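Novice: Take a look at this one; I'll ask things after.
The values are calculated or read from the model by the stated rules, or taken from the named source; none is laboratory data. Predicted, not measured: the structure shown is a model, and the values here were computed from it. Every residue, glycine as well, gets a Cβ built from its backbone with ideal geometry; the counts of neighbours run over all protein chains shown.
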Amino acid sequence: MGLISLFKNVAGTVGSAVTSQITDQYLEFFTQDSLGEDILVKKGVNRMEKGKNKGNTEVISNGSVINVPEGTYCLLVNNGEIVECVDEAGPYRWETSSAPSILANTNFGENIKQVIGDTWNRMRMGGEIQQQQRVYFVNKLELRDQNFGTPTPVPYPDPEYRNIYIRLNGTFSFRVADPVTFFRSVSGNVKDEYTVAEFMGIPSKPQQPRLEFLDHITEALNGLASQDRVMFSLIDSNRTKLRKHMQDCLDEDWYQARGIVVEAVAIAGVTPDDKSRERIEQVDTAKLYGQDSNALAAQVALGQTEAMKAAGANANGAVNGFMGMGMMGAVGGNNATAAALNNVAQNPQQPQGGGFFGGGVAQAAPAQAAAGWSCECGQTGNTGKFCSNCGKPQPAPAPAGWTCECGQTGNTGKFCGNCGKPQPAAAPAGCAKCGWKPADGAALPKFCPECGSPLQ
């Protein structure tokens, strides 16, 4: 019985080997529709219906036809090894497969020898096939709409505002530039297909390549600011430069190690954090006032108006309010305010360039006499009714004319308008007889010290 079983097994093995060899003789035809933007690698499937290979699906006979469509690479894998890479569209014949076929070409005799040799190898393996041939199509399209966003603000050395922090979000695209490296390092000999989601992940659950992209954002932004001098508000309009910096950052990690490159970067929004926004507004305000003295004067006038309104509404009295204004002016600014207003008044056609950040040298305004009235506390340039330093009211102007001994002021004639007394004669400047005069500032005596004549 044992010998009979052995003969049965041998016969079965020979029959299986011959049968599998015969059924694998048909040539195959492979092609692939567009892989779209979701699939990176897909195993090719035989497209023949009538003459379809009835044998093992992992055997692709020598001489089979492969039609490579636009937008794809084609990899021919023979027993696990890539033996051919096709990067141009068109029909191709596989002439390097290790699975022989008597239908491979017109060299019938040589084909028969190869088939018999392959049949013998199958018989030695108990009728099993020790070969594997596969066709893989790799997507060469630009794979777009890969969303990204910085979870926290990242530093940006802005050429205008110096070190600020911004939040960035947008999309990027990538493509497979080296299909052999990508197949060997990333997808491998997949059974069916390998998708973009498996490689990149999604924003809420990113895979390593997406995380690497975010890690290199800061490095790329640093190059964009320090090398290209791009302000943060103009990042979106400099996508090409940003893409170049991203490619430089990811060259070793992505292209050399995985065979992929960043194709494009689109910025949806750039937002500075609160502290950076506040400093940006301060710098912009300083630039405005430094370059436009009219704007500075208008702001000063507005500030004075608001301060006077607040002083008038002071619950402790307007005088106290104005005294507060005076103390603030003494600390930092009434003289500077008056100078700014004077500068505008005296130079209405002053050029607007230069200033703090304008790149030029501001021309000094010519010295002008302080406008307004002077208070007895020493504060000059007052223009309101109260002193901006001590709050005292503006003194009434001295009345014109002369004052009579009866108290009547403002007399302009030779007699008092109230009592009729004549205007007192002016005190003599010296002795009318001998011409003597007292020293400057000295009081006039009653008699001349030179000739004794009465002086008063």
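Novice: For segment 143-184: of the residues being within 12 Å of the chain's Cα centre (by Cα) and among the aliphatic types (A, V, I, L, M), which is nearest to residue 282 (Cα to Cα)?
Specialist: By that ranking, first place goes to 164.
Novice: Listed residues 242, 214, 224; which is at pLDDT 90 or above, within 16 Å of the chain's Cα centre (by Cα) and not β-branched (Val, Ile, Thr)?
Specialist: Result: 224 is the single residue among 242, 214, 224 that is at pLDDT 90 or above, within 16 Å of the chain's Cα centre (by Cα) and not β-branched (Val, Ile, Thr).
Novice: Could you check segment 235-257 and list, in sequence order, the residues that are under 17 Å from residue 154 (Cβ atoms), among the aliphatic types (A, V, I, L, M) and out of contact with any strand residue (DSSP E or B) (no Cβ under 7 Å at 6 or more places or on another chain)?
Specialist: Listed by number, the list is empty, since nothing qualifies.
Novice: Under 30 Å from residue 288 (Cβ atoms), in contact with a helix residue (DSSP H, G or I) (Cβ under 6 Å, 6 or more places away or on another chain) and either at pLDDT below 80 or among the aliphatic types (A, V, I, L, M) (or both): does that describe residue 363?
Specialist: Taking the combined requirement at face value, the residue does not satisfy it.
Novice: Given the conditions (1) assigned by TED's automatic domain parsing to the domain that holds residue 149; (2) at pLDDT 85 or above; (3) at negative phi, which single one is not true for residue 229?
Specialist: Single failed check for residue 229: (3).
Novice: Determine the pairs where a residue that is outside any strand (DSSP E or B), located within segment 132-154, has a partner that is surrounded by fewer than 21 Cβ atoms within 10 Å (Cβ to Cβ) and charged (D, E, K, R) with Cβ atoms under 6 Å apart, the partner being 6 or more residues away or on another chain.
Specialist: Going by the 6 Å Cβ cut-off, the qualifying pairs are 132/58; 142/175; 142/263; 150/167; 153/167; 153/273.
Novice: So, in segment 169-198, of the ones that are surrounded by fewer than 16 Cβ atoms within 10 Å (Cβ to Cβ) and touching a Ser or Thr at 6+ places or on another chain (Cβ under 9 Å), which residue ends up modelled with the lowest pLDDT?
Specialist: 169
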